[in-house]
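Peer 1: For reference, the structure I am asking about is given below.
The values are calculated or read from the model by the stated rules, or taken from the named source; none is laboratory data. The shown structure was predicted, so the numbers you read here are calculated from the model rather than taken from an experiment. All Cβ positions, glycine included, derive from the backbone under ideal geometry; neighbour counts span all protein chains shown. Side chains included, ligands, DNA and RNA excluded: accessible areas come from the protein's heavy atoms. Shrake-Rupley method; radii C 1.70, N 1.55, O 1.52, S 1.80 Å.
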Amino acid sequence: MPLTYASMRRAGTPLRLSAGAAAMLMFGVAGIHGNTATASDGAAERSVDRSAFGQLPDGRQVDVYRLANANGIEMRVIDYGGIILSLKTPDVRGEFDDIVLGFDSLDAYLSDAYRQANPYFGALIGRYGNRIAGGRFSLDGESHSLATNDGDNHLHGGQQGFDRVLWQVEPFESEAGTGLVLRYTSEDGEEGYPGTLETQVTYTLTDADELIVDYRATTDKATPVNLTQHSYFNLEGEGSGSILDHHLMIDADAFTPVDEGLIPTGEIRSVEGTPFDFTQPTPIGERIERDDQQLTFGKGYDHNFVLANGGASVDDPVLAARVWEPDSGRLLEIATTEPGIQFYSGNFLAGDLTGKRGEAYEHRSGFALETQHFPDSPNRADFPSTILEPGDTYRSRTIYRFSAQETPGS
Ligand code: BGC
């Protein structure tokens with residue numbers, strides 16, 4: 001009997017990542033209107049400040065926001081693409097390093113080389129994370145054509161996705177930590193999508209060493225929405241080589257196999273006995289070179305995993321993945337309200353982009369774990385729906401928790 005989405009979700013109590021995050025995210029928390037604000041509840045100074053980062057070709061200014069929590073974790077974000085430029089967290093010895101791939105100048109994000117490689121480092125992705133086959137879908141009997149930017153397919157929102165627009169940003173400080181509310185209005189017809197989409201994403205850096213990403217959207221016409229965050233991590237530090245020794249656990253008993261164009265075939269396949277079984281922590285590189293058709297199509301891992309406890313609630317993120325790096329001891333835990341997670345092992349990185357510490361980003365020197373609905377859902381009635389209706393509010397939450405420990409744990 002073929003597997004179905006419903007049959008692959010495990011029954012039982014979801015694994016919760018953290019209670020800390022649950023109640024606190026209220027939008028519109030006291031905004032910070034000056035350039036800097038600090039509070040000193042913990043050992044380090046909590047702060048959020050803003051400065052100029054660069055200028056877009058049309059003259060609009062791009063700002064960079066620096067957020068810090070009470071434990072010294074620091075994150076920098078620009079309003080262009082909502083891009084997370086840097087994220088410094090401590091290793092097991094207490095040494096801080098920047099664990100996300102990215103650049104220190106706006107020009108690097110705007111360069112032809114970057115556009116060509118199209119890695120979406122650290123960016124917000126919209127309106128639709130991952131691919132829509134042929135850039136086409138039908139909704140309520142009407143067919144829609146989207147901008148194509150990945151051969152014949154539509155990828156990560158098209159030619160001018162949310163990664164390339166200027167967001168309105170409002171910094172805030174709340175009981176939980178410091179953060180940014182980012183807003184963007186996507187006009188009716190943008191990249192081919194129906195409806196005006198009012199989008200709001202909140203980044204909160206908490207004193208529990210979590211980055212909480214909250215997504216909200218409303219529309220005036222039915223339209224697909226699937227927002228995500230495209231940070232690439234290297235827990236040893238960006239620019240420090242391959243991620244193949246990182247131990248990965250994904251709480252998924254199944255994945256969605258793809259064709260050569262990385263479009264889901266519609267099958268929900270069990271991970272058992274395949275290189276896609278990450279139910280126990282396993283080094284990313286252990287099976288990546290196996291002779292396996294799915295690994296060949298993905299040029300490594302580039303697949304959507306069906307989260308065992310995913311998609312249950314829009315309020316309560318459940319643990320989806322854990323990644324541990326042996327040299328630094330850094331541990332990243334990801335919890336989400338989404339039903340899927342795209343594990344991408346940086347297969348298209350080719351050493352032609354140079355990062356913040358002056359090192360080229362070589363093949364598989366960063367990985368992304370993108371919480372999401374499944375790719376191509378607008379063309380797959382049996383996948384969880386991505387259609388947002390007027391009057392409804394799209395809501396999604398993902399929590400990244402940073403810590404460090406000597407052993408991989410379980
Ligand atoms: C996709 C990859 C793509 C990468 C960068 C990932 O989310 O699954 O196929 O190459 O993003 O664009």
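Peer 1: Being touching a Ser or Thr at 6+ places or on another chain (Cβ under 6 Å) and either buried (at least 21 other Cβ atoms within 10 Å of the Cβ) or outside any strand (DSSP E or B) (or both) narrows it down to one residue among ASN309, ASN304; which is it?
Peer 2: Going through ASN309, ASN304 in turn, the sole match is ASN304.
Here is a yes/no grid of residues against (1) more than 11 Å from the ligand (Cβ to nearest atom); (2) touching a Leu at 6+ places or on another chain (Cβ under 8 Å):
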position	(1), (2)
PHE305	yes, no
VAL314	yes, no
GLY351	yes, no
GLU359	yes, no
GLU362	yes, yes
GLU370	no, no
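Peer 1: Whether any residue in the stretch 148-165 is out of contact with any helix residue (DSSP H, G or I) (no Cβ under 7 Å at 6 or more places or on another chain) and away from the ligand (no atom under 16 Å from the Cβ) is what I want to check.
Peer 2: Yes: the stretch 148-165 contains one or more residues that are out of contact with any helix residue (DSSP H, G or I) (no Cβ under 7 Å at 6 or more places or on another chain) and away from the ligand (no atom under 16 Å from the Cβ).
Peer 1: Go through ASP58, ASP63 for me and flag whichever is under 23 Å from the mean Cα position of the chain (by Cα) and either surrounded by fewer than 20 Cβ atoms within 10 Å (Cβ to Cβ) or part of a strand (DSSP E or B) (or both).
Peer 2: ASP63
For every residue, the table says whether it meets (1) part of a strand (DSSP E or B); (2) modelled with pLDDT of 95 or more; (3) open to solvent by 10 Å² or more (accessible area, probe 1.4 Å); (4) among the polar types (S, T, N, Q).
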| position | (1), (2), (3), (4) |
| --- | --- |
| ALA70 | no, yes, no, no |
| MET75 | yes, yes, no, no |
| LEU87 | yes, yes, no, no |
| VAL92 | no, yes, yes, no |
| ASP97 | yes, yes, yes, no |
| GLY102 | no, yes, no, no |
| ASP107 | no, yes, yes, no |
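For (1) buried (at least 24 other Cβ atoms within 10 Å of the Cβ); (2) within 20 Å of the chain's Cα centre (by Cα), each residue gets a yes or a no:
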site: LEU331; (1), (2): no, yes
site: THR336; (1), (2): yes, yes
site: THR354; (1), (2): no, no
site: ALA360; (1), (2): no, no
site: SER385; (1), (2): no, yes
site: GLY409; (1), (2): no, no
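Peer 1: Mind telling me which of the residues PHE276, PHE255 ends up being closer than 16 Å to ILE341 by Cα, away from the ligand (no atom under 13 Å from the Cβ) and at pLDDT 95 or above?
Peer 2: Result: PHE276 is the single residue among PHE276, PHE255 that is closer than 16 Å to ILE341 by Cα, away from the ligand (no atom under 13 Å from the Cβ) and at pLDDT 95 or above.
Peer 1: Here's a check for you: in the stretch 220-239, which residue that is touching a Lys or Arg at 6+ places or on another chain (Cβ under 8 Å) and open to solvent by 10 Å² or more (accessible area, probe 1.4 Å) is nearest to the ligand (Cβ to nearest atom)?
Peer 2: Looking at residues that are touching a Lys or Arg at 6+ places or on another chain (Cβ under 8 Å) and open to solvent by 10 Å² or more (accessible area, probe 1.4 Å), I get GLY239.
Peer 1: Quick check on this structure: which one of TYR128, TYR120, TYR114 is surrounded by fewer than 20 Cβ atoms within 10 Å (Cβ to Cβ), within 19 Å of TYR344 (Cβ to Cβ) and within 16 Å of the ligand (Cβ to nearest atom)?
Peer 2: Within the list TYR128, TYR120, TYR114, the selection yields TYR114.
Peer 1: Just one of the numbered conditions (1) hydroxyl-bearing (Ser, Thr, Tyr); (2) closer than 21 Å to LEU124 by Cα; (3) within 16 Å of the ligand (Cβ to nearest atom) is not true of THR296; which one?
Peer 2: The failed condition is (2).
Peer 1: Please specify each residue of the stretch 182-207 satisfying the condition of being open to solvent by 10 Å² or more (accessible area, probe 1.4 Å) and either within 14 Å of LEU67 (Cα to Cα) or modelled with pLDDT under 95 (or both).
Peer 2: ASP207
Peer 1: Then there is this: I'd like the residue in the stretch 264-294 that is assigned to a helix (DSSP H, G or I) and open to solvent by 40 Å² or more (accessible area, probe 1.4 Å) and, out of all such residues, is farthest from ILE132 (Cα to Cα).
Peer 2: In this case the residue turns out to be GLU286.
Peer 1: Ok, one more. Please tell me if TYR80 is in contact (Cβ under 8 Å) with a residue 40 or more places away in the chain, within 13 Å of the ligand (Cβ to nearest atom) and either within 27 Å of ARG397 (Cβ to Cβ) or open to solvent by 10 Å² or more (accessible area, probe 1.4 Å) (or both).
Peer 2: no
Peer 1: Sticking with this one: Considering only the stretch 214-245, state which residues are in a loop (DSSP other than H, G, I, E, B), touching a strand residue (DSSP E or B) at 6+ places or on another chain (Cβ under 6 Å), within 29 Å of LYS356 (Cβ to Cβ) and not aromatic (Phe, Trp, Tyr).
Peer 2: Matches in the stretch 214-245: LEU227, SER231, LEU235, GLY237, GLU238, ILE243, ASP245.
Peer 1: Could you tell me how many of the residues in the stretch 312-329 are open to solvent by less than 10 Å² (accessible area, probe 1.4 Å) and either hydroxyl-bearing (Ser, Thr, Tyr) or more than 19 Å from THR279 (Cα to Cα) (or both)?
Peer 2: Total meeting the criteria: 2.
Peer 1: While we're on this one: Restricting the search to the stretch 131-147, which residues are open to solvent by 40 Å² or more (accessible area, probe 1.4 Å) and within 15 Å of the ligand (Cβ to nearest atom)?
Peer 2: Correct list: empty.
Peer 1: Where residues in the stretch 373-410 are at pLDDT 95 or above and either touching a helix residue (DSSP H, G or I) at 6+ places or on another chain (Cβ under 6 Å) or on the phi > 0 side of the Ramachandran plot (or both), which of them is nearest to the ligand (Cβ to nearest atom)?
Peer 2: This residue is ASP376.
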